[in-house]
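Rule-based calculations on the coordinates, nothing more; no lab input. All of these numbers come straight from a predicted model, not from anything done at the bench. Quick reminder, even Gly has a Cβ in these numbers, built from the backbone with ideal geometry, and neighbours come from all protein chains shown.
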Amino acid sequence: MNSPLTSVTLFHVGPVPITLPVVVTWAIMALLVGGGHLLTRRLSLVPSRTQAAFELIVDTVDGQIRDTMRVEPGPYRAFIGTLFAFIFVANWSSLVPGVEPPTAHLETDAALALLVFVAVIWFGIRAVGIRGYLATFAFPSPIMIPLNFLESLTRTFSLLVRLFGNVMSGVFVIGIVLSLAGLLVPIPLMALDLLTGAVQAYIFAILAMVFIAGVVSEGRPEPSPSPAANPRTLP
Amino acid sequence: MNWLALASIVSAAMAVSFGAIGPALGEGRAVAAAMDAIARQPESASTISRTLFVGLAMIETMAIYCLVIALLLLFANPLLKLTP
């Protein structure tokens, strides 16, 4: 059985080995970008049926951002929506025969987690300035600076391991059951895997929102801090 | 098979089996509490289930960490390269 930590090299472009996850990632990117371009080419005020369906998706993303971050979704919609769409499509790409989800490999997840790490800094600096962003590290008291600094690294790592572990374990378990039992037996597991994939995409997007909201709302003086909206309670 | 490989296999199995106990108990408690809250306040079911999902993912991560450790031991064990 192949190790889940290595990936198969398909072909070489010059000296660079191209693996299966890279090809699948580029295919998903082409699908999303091409689909988005085709759909938004002819937008109208009175939406067609397709446009209305996709407006519903955008509206749902907006609603989630508004509920979770308690800010206007404008600046965050593109990043969060793209994260969700990419991970969702990547997790469900196992429906295509012969394709392994790229999120089942450590490298893709590392790239996604790194994106969130950079986005927290970027959105934080944009919302509250560099001083405000640095001040969030000393949020409850300056004693917490090392802990908060460590937290910003470990939560990125846990974001990476969570997505990798969930998707990879699904693929791995299906491989084991397939080699033990036979052709049609792993189908219920695959259905469960689709559910896990959708939930993990949702959770990844939610956690990215929570991390960004932690910086954006902490740097700003809040008139009435409500305990329900405090994102610091998450590890 | 040397004793280091044997110990890796046994400890991988132990990591997954014992590492799954805690998250399982925690998830059970979390779901029970969420059910309780939804039964009391059905109108806030959507907020509760969203928080529940995120919380479950957090708890589940602990078991996933154990799984990753086990897979590291089985497939990418750095100690096995030390011994000839």
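What the table below lists for this structure:
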| read-out | value |
| --- | --- |
| Segment A:18-175 shape via C-alpha gyration tensor axes, a/c threshold 1.5 | oblate |
| Cβ-based charge dipole, chain A, positive-most Cα from A:PRO101, A:SER48, A:PHE149 | A:SER48 |
| Most mobile listed residue (A:ASN91, A:ASN148, A:ASN166) in chain A, GNM with C-alpha springs under 10 Å | A:ASN148 |
| Estimated inter-spin distance, A:PHE11 and A:MET29, nm [label 7 Å along Cα→Cβ] | 1.8 nm |
| Net +/- balance of residues flanking A:PHE204 in space, Cβ distance below 10 Å, scoring K and R +1, D and E -1 | 0 |
| R0 of 35 Å, Cβ-Cβ distance A:ILE143-B:MET62: FRET efficiency to nearest 0.05 | 0.85 |
| Amide H contacts under 5 Å for A:ILE18, placed H, 5+ residues apart | A:LEU10, A:PHE11, A:HIS12, A:VAL13 |
| Chain B: relative contact order as a whole-number percent, Cα under 8 Å and 6+ apart | 52 percent |
| For the protein assembly as shown, size of Cβ-based charge dipole, Lys and Arg +1, Asp and Glu -1, in debye | 400 debye |
| Which of B:LEU67, A:ALA85, A:GLY165, positive extreme of dipole for the protein assembly as shown (C-beta unit charges) | A:ALA85 |
